[in-house]
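For reference, the structure is listed below as structure tokens.
Rule-based calculations on the coordinates, nothing more; no lab input. In this text the structure is predicted, and so the values were computed from the model without any measurement. Cβ atoms come from the backbone with ideal geometry, glycine included; neighbour counts cover every protein chain shown.
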Amino acid sequence: MKHGWKTALVCADTFRAGAFDQLQQNASKVRIPFYGSYTESDPVVVAMNGVEIFRKEKFELIIVDTSGRHAQEESLFEEMLEISNSIKPDNIIFVIDASIGQACELHAQAFKSKVDIGSIIVTKLDGHAKGGGALSAIAATKSPIIFIGTGEYFDNFEVFKTKLFIDKLLGIGDIQGLYDKIISLNSEHDKSFIINAKAGQFTLRNMYEQFQNFMKMGSLGQVISMIPGFGTEFMSKNDEQKSQARLKKMMCIMDSMNDIELDHIDGAKLFKSQPGRYTRVANGAGVSLCDVKDLIVQYSQFYKMMERMKGLSKFGNMQRNINSINMQRITSQMSELIDPGVLSHMGGTSGLSSMIRQLQQSSRTDRS
């Protein structure tokens, strides 16, 4: 829709209770026409009728949503084949739940055995889910990932960028994505912060303000995962609420700091050179000494990241530096994320290395 396509949505999920109402509500939110049926139980008929109506009305993009299915549900796969044969889609999209991990490979093989998968969407990539299982699906279907879902809302649906996906798998982070997130808030204050960040300037007050911004950006896991060396240590597994509580606790600690500490050009250096400040802040915030030291460690991660941004234009130089990371190290780290059986199916580490090169090549196309 953002690109001006005349779009419509068909609900061919007649199996799941509430699917019709949910999809109709979603279509209403994004203001696109919707077709479905409370009375027709055959998804093939619903799909055919919906597509026929919207084709007559000259819609350019018709999305047909079908019910989810498990690799062992043979009848549902036959149903999917019937739907495909009846409406003859231009593109069949396989939607993967990233949280199921290596089970993605089994489902991908089952789908591929019935229909020709044209592309892939990976969902639930917020929080701890890193999408390593999506690599298995890519190997099984030889189809590209086109979109990823990083949250529950429509704004959390993003175009897939191959290189950034690899960076997050390796814990390198997504500096460009973080930059875009901050700029999207569209305030003069944040633009000023970016200018300071590019100059390599970052204070504890800056970190406090950016923590406030993180709370506005949506999924904390999504935002934190963009920060090199920060996400995996900060986020609690399977529990974003605990991580949000930790973020608020860190902000509470900074509330007990004075202006000298908040505005010092290198807060970590100041605290280390004057250890008494740790005790004073801990007493003021009602926390332990370890809590304050942990905060300074996290600040140091931010500080180092901002130093790397110094003099960069849209962080292009940083992206080139990341591109130069040794291929052997990348392959070694990524192979640890993949089940040995799946890795063998992909052709071992040499096959994985070849796939990474292909992904890097396509990422250059993404940027051009």
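Observations on the structure shown:
- Fewest-first ranking of 159, 122, using other Cβ atoms within 10 Å as the exposure measure: 159, 122
- 3J(HN,Hα) from dihedral phi, segment 105-113, Karplus parametrisation 6.51/-1.76/1.60, rounded to Hz, x for glycine, proline: 5, 5, 5, 4, 4, 5, 5, 5, 6
- Of the residues 87, 53, 62, the one with the fewest other Cβ atoms within 10 Å heads the list, and the complete ranking is 53, 87, 62.
- Amide H contacts of residue 10: 35, 63, 64, 65, each under 5 Å away and 5 or more positions distant or on a separate chain (H built 1.01 Å from N in the peptide plane; Pro and chain starts excluded).
- Among 252, 11, the ranking by other beta carbons within 10 Å of each residue's beta carbon, starting with the fewest, stands as 252, 11.
- Distance from the C-alpha centroid of segment 1-51 to that of segment 265-287: 57 Å, rounded to the whole angstrom.
- Over 31 Å apart at the Cα level, from the set 29/142; 124/272; 142/242; 161/269; 88/142, are 29/142; 124/272; 142/242; 161/269.
- Neighbourhood charge, 14 Å Cβ-Cβ cut-off, centred on residue 292 and excluding it, Lys, Arg +1 and Asp, Glu -1: +2
- Under a 5 Å amide H cut-off, with hydrogens placed 1.01 Å from N, residue 97 pairs with 123 among residues at least 5 apart or on other chains.
- Cα-projected label distance for residue 112 with residue 260, points at 7 Å along beta-carbon direction, nm: 6.4 nm
- Long-range HN-HN contacts of residue 160 with modeled amide H, under 5 Å: 147, 148
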